[in-house]
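Visitor: Please see the structure below; I have some questions.
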Amino acid sequence: MASEEFELYIHSQGARPKIAVARPHEVLGDVLVREGIIKQGQDDVLIFAAFCGGMSMALSLYRWPF
């Protein structure tokens, strides 16, 4: 994985956990659509996303749409 990409660990309702690769300029919603985690125009989905980079980790819970 190149240093300008991030691995996101995604958990969503009714799906197995998935690793998605994102670039710093990408919008999370676009990454989720591209990876098939959500569909364009899909409403009311809970998504748990985790990012781990070096010594730091970020965890977030989102309700789609943002």
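Nothing in this text is a laboratory measurement; each read-out follows from the coordinates by a stated rule. Note that the coordinates shown come from a computational prediction; the quantities given were computed from them, not determined experimentally. Glycine also receives a Cβ, built like all others from the backbone with ideal geometry; neighbour counts cover every protein chain displayed.
Visitor: Restricting to the stretch 1-40, name every residue that is under 13 Å from Phe51 (Cβ atoms) and free of Cβ contacts under 8 Å to residues at least 12 places away in the same chain.
Guide: Across the stretch 1-40, the qualifying residue is only Glu26.
Visitor: Let me ask something else. So in the stretch 14-28, with the set limited to residues that are in contact with a helix residue (DSSP H, G or I) (Cβ under 9 Å, 6 or more places away or on another chain) and part of a strand (DSSP E or B), which one is surrounded by the fewest Cβ atoms within 10 Å (Cβ to Cβ)?
Guide: Val21
Visitor: Go through the stretch 1-20 residue by residue and tally those that are touching a strand residue (DSSP E or B) at 6+ places or on another chain (Cβ under 6 Å) and among the hydrophobic types (A, V, I, L, M, F, W, C).
Guide: Adding up the residues that qualify gives 5.
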